[in-house]
């Protein structure tokens, strides 16, 4: 087995506090995503996102060319993976393989909170480019009129290919 390379002294320890005032909180797809660790923090290896998903929240069906894992901290979500729906509850984790169609939704009456790891990183940049800044980790998404909603969908579709993501008809 090869020996690990030497320590890279250009990289430093990162401490992320979900509720810190300078932490970026972004409204995306009706949810609030707090970017805890970016690709810049991890040498591009992964990103870590705290996701607050209110009842009814969750992204449309999609797929992307990277691994994505969710650990449910509070509540539950319905995950649809290759057309099959499963309920994932607090204390459980799931991994979505690269390129597999999927989506998640909060069909419960209480908010869900989960940690999302994408490897390699990049989804953090997609959310930063697409999301609308909000004040806190649990801030509700801003109310968007139909014209603004359509503009956001168009923006997401335009950015998707740049971030190895494709929106699909069915998960």
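The values are calculated or read from the model by the stated rules, or taken from the named source; none is laboratory data. Keep in mind it's a predicted model, so treat the numbers as computed, not measured. In this analysis, Cβ positions are derived from the backbone assuming ideal geometry, glycine residues included, and neighbour counts consider all displayed protein chains.
Restricting the search to segment 76-106, which residues are in contact with a strand residue (DSSP E or B) (Cβ under 8 Å, 6 or more places away or on another chain), in a loop (DSSP other than H, G, I, E, B) and either more than 19 Å from residue 165 (Cβ to Cβ) or touching a residue at least 60 places away in the same chain (Cβ under 8 Å) (or both)?
82, 90, 91, 92, 101, 106
Checking residue 161 against (1) outside any helix (DSSP H, G or I); (2) out of contact with any helix residue (DSSP H, G or I) (no Cβ under 8 Å at 6 or more places or on another chain), only one condition comes out false. Which one?
The number of the failed condition is (1).
Given 43, 39, 57, which one is over 11 Å from the mean Cα position of the chain (by Cα) and within 22 Å of residue 85 (Cα to Cα)?
Just a single option satisfies the conditions, and that option is 57.
Would you check if residue 130 is surrounded by 14 or more Cβ atoms within 10 Å (Cβ to Cβ), over 26 Å from residue 86 (Cβ atoms) and free of Cβ contacts under 8 Å to residues at least 60 places away in the same chain?
No.
Looking at (1) closer than 15 Å to residue 51 by Cα; (2) part of a helix (DSSP H, G or I), which one does residue 148 not meet, given that it meets all the others?
With (1) closer than 15 Å to residue 51 by Cα; (2) part of a helix (DSSP H, G or I) applied to residue 148, the lone miss is (1).
Out of curiosity, is residue 122 surrounded by fewer than 15 Cβ atoms within 10 Å (Cβ to Cβ) and either under 14 Å from residue 52 (Cβ atoms) or modelled with pLDDT of 95 or more (or both)?
Judged against the criteria, residue 122 is not a match.
Kindly provide the set of residues from segment 133-159 that are closer than 13 Å to residue 62 by Cβ and either in contact (Cβ under 8 Å) with a residue 60 or more places away in the chain or crowded, with 17+ Cβ neighbours inside 10 Å (or both), ordered by number.
156
Could you pull out the residue among 71, 18 that is out of contact with any helix residue (DSSP H, G or I) (no Cβ under 6 Å at 6 or more places or on another chain) and assigned to a loop (DSSP other than H, G, I, E, B)?
18
Each row is one residue, and each column tells you yes or no for (1) free of Cβ contacts under 8 Å to residues at least 24 places away in the same chain; (2) in a loop (DSSP other than H, G, I, E, B); (3) touching a helix residue (DSSP H, G or I) at 6+ places or on another chain (Cβ under 9 Å); (4) under 12 Å from residue 121 (Cβ atoms).
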site: 3; (1), (2), (3), (4): yes, yes, no, no
site: 6; (1), (2), (3), (4): yes, yes, no, no
site: 14; (1), (2), (3), (4): no, yes, no, no
site: 26; (1), (2), (3), (4): no, no, yes, no
site: 34; (1), (2), (3), (4): no, no, no, no
site: 43; (1), (2), (3), (4): no, yes, no, yes
site: 49; (1), (2), (3), (4): no, no, yes, yes
site: 56; (1), (2), (3), (4): no, yes, no, no
